[in-house]
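To start, the structure itself, in structure tokens.
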């Protein structure tokens, strides 16, 4: 630039200058890092932070002042919350605090695994039916059939066929979740196929597999990620329900559903047995849903932020 | 007498990446029965100006400052309730996309009727009769049948006519038309422009026409105001502006539009380009807003923003170097 | 005389619409219904008409973005509408496309470098990684974008700059024909001029043929050599620029031209204002498709469909008025 400062004294006579205008809004401080995220997308930040805390609890459960969650102590049955037993003890005298902390492992494992498996399989099915016309008819009618059964019933039925184990719970819930995901992916794929950049890629001689890999797949990831969080939340609830009715995680493994099931009979006299696992389940589901809502707004600029 | 007087209008928006000074210090007036065109490219603030006049800018994240005096009252000082009584009644608006501004689940007749019943206190029968009258006025065939139809049953041109009927139902003093023909095909645009010209004579409302189409401006405006980057850069009567534009931006804009018939006159030459891009309004601009794209710009322009000054008869422009007085075209 | 670069013979594209619960009742949208034209090397043919006239469908049919219903598309003497996919891929290199919307025509997740490299890799045009880099940077120079922009993603650019990227992508394949589907319609006036000038320069430099699809007649006049006017899936008039703009013969062309508002206040003009709206392409009118809006309609127009007839000077008109004895 050849900018040289023009001396105010040397301004030509009769020069008309624009009036000085006031600033009518406070200046915006552009923040980066966590504070910036918190201001821009508070739900992502809060949901993410809560979820991270719960993951840390699950990972470091043995080091959080817990005792063996399966250790029986008949002498200390149904104690109310106190300094020794933060959340009290259950009918078999097991420490509820320790059981709840370890229970986070089951919930999160089930939630995350189902989210990952169901979205990957759903993604594959959705892409196939979005691109192959004859497969679309068959796959989608099959998915319609699966969808007509409530997912929880489907999961119960599947659990009835197998032995109760965390792996089987994950499998059952995954199967129950697949139809919804593949429907979503299919609709996203169909709308992406109409995008001019996909037409341009066809005109550029790009082969169909590359079009899927380069132009379709990366653009389905954002809606997939959002959907995955909702699947995660719903899987955690389904797991708790299955355990609660005794069709899920075996009673030897502490899970929030199991703890609640065991405390059910005593709900009126010893509500804390049910209360603590229920509270943790609610907070976890809330955290995941907040994260999902936040991601949806953050990843989809067209969607006006409503908060 | 000025019906509308806008003084130092500023409309700013708070965004995560800074304050967007969408409109920054715009002053103008509209006389009764007059048609003023506000011209400029996307992002120049012309639509935000019109939304500010109607106070339809969401606050926050937006904020409006300055004064908007309409028939003796400052609209910015009115309560929301008082403002609602003015919107659609004394000032009404036509938008670019009729499909999104008409309610899809109400019949056309009901939409006109409701404005009349709310603002003019007519009863249902009187409003219905007036609605049919309005549809006749805007040239809709078979108005008695059309009042019972829904917007999706009408074509684009018909919907735009309905929008105009809704806007004119309460006999407004000021009509703001924001890109009223942009979404329409040329032959339909010609119908709507003819309709607007005819209505202008019959209804007598003042019109603020917001558009980027200089052809439409030449067709119906009396006075033109050119906006760039949230500022007013030039204003003149329409013939004067097209004959001798003073601001380099206006000159560039006029040179960039090919004219129909130019290949026959042998005047088809390379189009004039305005190099570069519109400045980022989230960063404060020192000096003239157009300096970055202007061939005449000097250090003076880059440091001192020019004010609007008289360059010819009723002709003002904000440029340090634009010629004054009568210019031989 | 060498054969034309592109020849389109009686092209038809009908889209099905399924009605009823099980999709049994099928109606058809007669989007393009018998269109023929040619484009010579280095020539610009503009396809004009109002929305829904089928002009974009013609462009997409030529690019074979879908299978056509009937007719032939011949590129340099070779039929491409029924070409085998492997042959087709090689033919695709020779014709490229620039779309209207600069925002949705670029994949938001790709860097400019990868967007431009895609056609070069697909058609194996680069001999080495260095050659690819040279080609990509040359393309940026050609469309007058800074080279450092190669590492950025589309959302960091303005509309005009994105359209330049779209043009660079089309040029990357070294095509002979570019279909510009409303390529400047979404741009602002000053940016539009930049892109129009760029397209003209590129045409000169590379001897490109352009199929310029647009509804903006002033831009068309500025750019084109010949014009084809479409109405409801048919061409009603084809003529060199001079004939179309000085002496349009079809009543629709006349109405279209006279409807354009001129940027000259007080200009004397008597627009022919057409009544009514364009009929639906699902139930196009019998006889001449324009007869429902034509100011000069007579009995024959309602029954008999007019053929395109030469009136000399390369002008072809589909109107019964042309067959009447001249008064």
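Can you give me the number of residues within the stretch A:164-201 that are free of Cβ contacts under 8 Å to residues at least 60 places away in the same chain and not in a helix (DSSP H, G or I)?
2
Six or more apart or on different chains, Cβ atoms under 7 Å: show the pairs whose first residue is in the stretch B:63-77 and away from chain A (no Cβ under 12 Å) and whose second is in a loop (DSSP other than H, G, I, E, B).
Here the result reads B:71/B:173; B:75/B:55, each pair linking the stretch B:63-77 to a residue that is in a loop (DSSP other than H, G, I, E, B).
Among the listed residues B:241, B:254, identify the single one that is under 23 Å from the mean Cα position of the chain (by Cα), part of a helix (DSSP H, G or I) and touching a residue at least 60 places away in the same chain (Cβ under 8 Å).
On the way: B:254 fails: touching a residue at least 60 places away in the same chain (Cβ under 8 Å).
Among B:241, B:254, only B:241 is under 23 Å from the mean Cα position of the chain (by Cα), part of a helix (DSSP H, G or I) and touching a residue at least 60 places away in the same chain (Cβ under 8 Å).
Considering only the stretch B:16-28, state which residues are within 7 Å of chain A (Cβ to nearest Cβ), touching a residue at least 60 places away in the same chain (Cβ under 8 Å) and surrounded by fewer than 19 Cβ atoms within 10 Å (Cβ to Cβ).
B:17, B:18
Considering only the stretch C:63-84, state which residues are crowded, with 19+ Cβ neighbours inside 10 Å and either touching a strand residue (DSSP E or B) at 6+ places or on another chain (Cβ under 7 Å) or modelled with pLDDT of 95 or more (or both).
Residues satisfying the conditions are C:63, C:68, C:73, C:75, C:80, C:81.
Working carefully through the options C:249, C:269, find the one that is under 20 Å from residue C:305 (Cβ atoms) and part of a loop (DSSP other than H, G, I, E, B).
Unique residue meeting the criteria: C:249.
Results for (1) modelled with pLDDT of 85 or more; (2) within 14 Å of chain C (Cβ to nearest Cβ); (3) touching a strand residue (DSSP E or B) at 6+ places or on another chain (Cβ under 6 Å); (4) not in a loop (DSSP other than H, G, I, E, B), shown as yes or no for each residue.
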position: B:250; (1), (2), (3), (4): yes, yes, yes, yes
position: B:261; (1), (2), (3), (4): no, yes, no, no
position: B:264; (1), (2), (3), (4): no, yes, no, no
position: B:268; (1), (2), (3), (4): no, yes, no, no
position: B:278; (1), (2), (3), (4): no, yes, no, no
position: B:286; (1), (2), (3), (4): yes, no, no, no
position: B:292; (1), (2), (3), (4): yes, yes, no, yes
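Mind telling me which of the residues C:321, C:256 ends up being farther than 30 Å from residue B:240 by Cα and either within 10 Å of chain B (Cβ to nearest Cβ) or not in a loop (DSSP other than H, G, I, E, B) (or both)?
Answer to the check: C:321.
Looking at C:211, C:198 in this structure, which one is buried (at least 18 other Cβ atoms within 10 Å of the Cβ), at pLDDT 90 or above and over 29 Å from residue C:282 (Cα atoms)?
Working: C:211 fails: over 29 Å from residue C:282 (Cα atoms).
Checking each option against the conditions leaves just C:198.
Out of all the residues in the stretch A:244-278, which are under 20 Å from the mean Cα position of the chain (by Cα) and surrounded by 24 or more Cβ atoms within 10 Å (Cβ to Cβ)?
A:255, A:256, A:257, A:277
Identify the single condition in (1) within 28 Å of residue C:29 (Cβ to Cβ); (2) within 12 Å of chain B (Cβ to nearest Cβ); (3) in contact with a helix residue (DSSP H, G or I) (Cβ under 7 Å, 6 or more places away or on another chain) that residue C:262 does not satisfy, given that it satisfies every other one.
(1)
Which one is farthest from residue C:136 (Cα to Cα) among residues in the stretch C:147-156 that are within 14 Å of chain B (Cβ to nearest Cβ) and touching a residue at least 12 places away in the same chain (Cβ under 8 Å)?
C:155
Can you give me the number of residues within the stretch C:90-108 that are more than 8 Å from every other protein chain (Cβ to nearest Cβ) and farther than 26 Å from residue A:217 by Cα?
2
Any idea which residue in the stretch A:203-218 is farthest from residue A:127 (Cα to Cα), counting only those that are surrounded by 20 or more Cβ atoms within 10 Å (Cβ to Cβ), facing chain C (nearest Cβ under 7 Å) and out of contact with any strand residue (DSSP E or B) (no Cβ under 9 Å at 6 or more places or on another chain)?
Result: A:205.
Within the stretch C:91-124, take every residue that is more than 18 Å from residue A:214 (Cβ to Cβ) and modelled with pLDDT under 90 and give me the one that is surrounded by the most Cβ atoms within 10 Å (Cβ to Cβ).
Checked the stretch C:91-124; the qualifying residue surrounded by the most Cβ atoms within 10 Å (Cβ to Cβ) is C:102.
What single numbered condition from (1) buried (at least 21 other Cβ atoms within 10 Å of the Cβ); (2) in a loop (DSSP other than H, G, I, E, B); (3) more than 8 Å from chain B (Cβ to nearest Cβ) fails to hold for residue C:276?
(1)
Return the residue satisfying two criteria in turn: it lies in the stretch A:79-91 and is in a loop (DSSP other than H, G, I, E, B) and without any contact (Cβ under 8 Å) to a residue 40 or more places away in the chain, and of such residues it is nearest to the chain's Cα centre (by Cα).
A:86
In the stretch B:88-114, which residues are within 18 Å of residue B:178 (Cβ to Cβ) and in a helix (DSSP H, G or I)?
B:98, B:99, B:100, B:101
Listed here are the residues, each with its yes/no results for (1) at positive phi; (2) touching a strand residue (DSSP E or B) at 6+ places or on another chain (Cβ under 7 Å); (3) buried (at least 16 other Cβ atoms within 10 Å of the Cβ).
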{"residue": "A:75", "(1), (2), (3)": "no, no, no"}
{"residue": "A:88", "(1), (2), (3)": "yes, no, yes"}
{"residue": "A:94", "(1), (2), (3)": "no, no, yes"}
{"residue": "A:100", "(1), (2), (3)": "no, no, yes"}
{"residue": "A:111", "(1), (2), (3)": "no, no, yes"}
{"residue": "A:120", "(1), (2), (3)": "no, no, no"}
{"residue": "A:141", "(1), (2), (3)": "no, no, no"}
{"residue": "A:151", "(1), (2), (3)": "no, no, yes"}
{"residue": "A:181", "(1), (2), (3)": "no, no, yes"}
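When the residues of the stretch C:228-253 are filtered to those that are within 11 Å of chain B (Cβ to nearest Cβ) and in contact with a helix residue (DSSP H, G or I) (Cβ under 8 Å, 6 or more places away or on another chain), which remaining residue is nearest to residue B:219 (Cα to Cα)?
Applying the filter and picking the extreme gives C:245.
Restricted to the stretch A:23-53, and to residues that are assigned to a loop (DSSP other than H, G, I, E, B) and surrounded by fewer than 10 Cβ atoms within 10 Å (Cβ to Cβ), which residue is modelled with the highest pLDDT?
Among them, the one singled out is A:26.
Among A:221, A:146, which is the only one that is farther than 30 Å from residue C:95 by Cβ, away from chain C (no Cβ under 14 Å), surrounded by fewer than 22 Cβ atoms within 10 Å (Cβ to Cβ) and modelled with pLDDT under 90?
Numbers: A:221 fails: away from chain C (no Cβ under 14 Å).
Among A:221, A:146, only A:146 is farther than 30 Å from residue C:95 by Cβ, away from chain C (no Cβ under 14 Å), surrounded by fewer than 22 Cβ atoms within 10 Å (Cβ to Cβ) and modelled with pLDDT under 90.
Every residue, every condition in (1) under 21 Å from the mean Cα position of the chain (by Cα); (2) surrounded by 13 or more Cβ atoms within 10 Å (Cβ to Cβ); (3) away from chain B (no Cβ under 14 Å), yes or no:
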residue	(1), (2), (3)
C:10	yes, no, yes
C:42	yes, yes, yes
C:51	yes, yes, no
C:61	yes, yes, yes
C:88	yes, yes, yes
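Filter the stretch B:294-312 down to the residues that are in a loop (DSSP other than H, G, I, E, B) and in contact with a helix residue (DSSP H, G or I) (Cβ under 8 Å, 6 or more places away or on another chain) and list them by number.
Hits for the stretch B:294-312 are B:294, B:295, B:296, B:297.
Return the only residue of B:301, B:319 being closer than 25 Å to residue C:194 by Cα, touching a strand residue (DSSP E or B) at 6+ places or on another chain (Cβ under 7 Å) and at pLDDT 85 or above.
B:319
Against the conditions (1) out of contact with any strand residue (DSSP E or B) (no Cβ under 6 Å at 6 or more places or on another chain); (2) under 20 Å from residue B:91 (Cα atoms), where does residue B:182 fall short? Just the number, please.
Single failed check for residue B:182: (2).
The values are calculated or read from the model by the stated rules, or taken from the named source; none is laboratory data. Computed from a predicted structure; not experimentally measured. Glycine gets a Cβ as well: all are built from the backbone with ideal geometry, and neighbour counts include every protein chain shown.
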